[in-house]
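The values are calculated or read from the model by the stated rules, or taken from the named source; none is laboratory data. Since the structure is predicted, the reported quantities are computational estimates derived from the model, not experimental observations. Please note: Cβ atoms are built from the backbone with ideal geometry, for glycine as well, and neighbour counts cover all protein chains shown. These area figures cover heavy atoms from the full protein model, side chains too; ligands, DNA and RNA do not enter into them. Shrake-Rupley method; radii C 1.70, N 1.55, O 1.52, S 1.80 Å.
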Amino acid sequence: MIRIIKTIKEMHQIINNHKDRQHTIGFIPTMGALHEGHLKMMSMSAAENDITVISVFVNPLQFGPDEDLASYPRDIEGDMSKASSVGVDYIFFPSEAEMYPSEPIIEVKAGRLATVLEGAERPGHFDGVVTVVNKLFNIVRPHKAYFGKKDAQQLAIIEKMVEDFNHPIEIIGVDIVREADGLAKSSRNIYLTQDERAEAAHLYQSLSLAQSLYDHGERNSETIIKAMRTYIEEHTSGHVETVAIYSYPELVEQYEISGDIFISLAVKFSKARLIDNIIINK
Ligand code: PAF
């Protein structure tokens, strides 16, 4: 039976107990509003570890002043039944006061990796992410932690944080789960109007176009980016905020493509800002 744990103290006791019994622990940090992308990570963890813990915490530190912190979808009852159906053992569901009882003084900074792409669009966002993930890693002390490749920049930053802070945790990057028409699953898709939802499938089509240009030998980033922008502008009413090609996981902008890259986009619809990407290994 799945259990909801609200305090750090109790979570510590439970983890100590499992560690005493040599159990391996898999962990998926989330902000709730679970979708199939999350459930895939949870199923993987349940298959690979003795115990699976998830956290559901809408982390205020990673939201900017004009972002959707107040309206971010929250549904703990739904999350609980979904998580239970894929073998999750514990949901760590702390209050804001439990996680941040006083103004934090010591800050964790994501540094250079956070100055580009989503980090440039959302100042402070990745500092908030690394701060909370550091805390969650110390609370849950998992052997493996699972992160979606949809947030590829977040995944690269977490991998670097684990290396720099010597967390004894294996980070597993999990492939993007898509709707039948290619739209990447996201908790924010519910903000799309019906027309925008239909148009949003073209975001993935634009990435497929980029993949096909690459497969046909195109290595000039500007050419690929221009083709993607034109495609999105012609097929959606969204405002194209970013189409970019960066090395992965170093996150250095590429002009002539040579090594492993990730091609990412961010498109703003009336109430939803969607991101998507593909990673191309050389
Ligand atoms: O990817 C997310 O949902 C969040 O950034 C995370 C990792 C749960 C940290 O709040």
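Taking Ile14, is it buried (at least 18 other Cβ atoms within 10 Å of the Cβ) and either of a type outside the set (Gly, Ala, Ser) or not in a strand (DSSP E or B) (or both)?
yes
If Leu192 satisfies every condition in (1) open to solvent by 40 Å² or more (accessible area, probe 1.4 Å); (2) among the aliphatic types (A, V, I, L, M); (3) in contact (Cβ under 8 Å) with a residue 24 or more places away in the chain but one, which is the exception?
Evaluating Leu192 over (1) open to solvent by 40 Å² or more (accessible area, probe 1.4 Å); (2) among the aliphatic types (A, V, I, L, M); (3) in contact (Cβ under 8 Å) with a residue 24 or more places away in the chain leaves (1) as the failure.
Can you name the condition, by its number, that Met228 falls short on among (1) open to solvent by less than 10 Å² (accessible area, probe 1.4 Å); (2) at pLDDT below 95?
Checking Met228 against (1) open to solvent by less than 10 Å² (accessible area, probe 1.4 Å); (2) at pLDDT below 95, the one that fails is (2).
Show the residue pairs that are 6+ apart or on different chains and have beta-carbon atoms under 6 Å apart, the first residue being within region 143-159 and modelled with pLDDT of 95 or more and part of a strand (DSSP E or B), the second being within 11 Å of the ligand (Cβ to nearest atom) and not β-branched (Val, Ile, Thr).
Listed by first residue and then by second, the contacts come to Ala145/Phe27; Tyr146/Met41; Phe147/Leu155; Gly148/Gly37.
Would it be correct to say that Gly87 is over 26 Å from His18 (Cα atoms) and of a type in the set (Gly, Ala, Ser)?
So Gly87 does not fit the description; no.
Being among the hydrophobic types (A, V, I, L, M, F, W, C) and either touching a strand residue (DSSP E or B) at 6+ places or on another chain (Cβ under 9 Å) or surrounded by fewer than 19 Cβ atoms within 10 Å (Cβ to Cβ) (or both) is the filter here; which residues of region 149-159 pass it?
Hits for region 149-159 are Ala152, Leu155, Ala156, Ile158.
Kindly indicate the residue of region 111-146 that is under 26 Å from Ile15 (Cβ atoms) and of a type in the set (Gly, Ala, Ser) and also surrounded by the most Cβ atoms within 10 Å (Cβ to Cβ) among those meeting that condition.
Ala145
Scan region 111-168 for residues that are among the acidic types (Asp, Glu) and either over 15 Å from the mean Cα position of the chain (by Cα) or away from the ligand (no atom under 15 Å from the Cβ) (or both) and report the count.
Residues meeting the conditions: 3.
Inside region 160-182, can you point out the residues that are among the basic types (Lys, Arg) and either surrounded by 18 or more Cβ atoms within 10 Å (Cβ to Cβ) or part of a helix (DSSP H, G or I) (or both)?
Lys160
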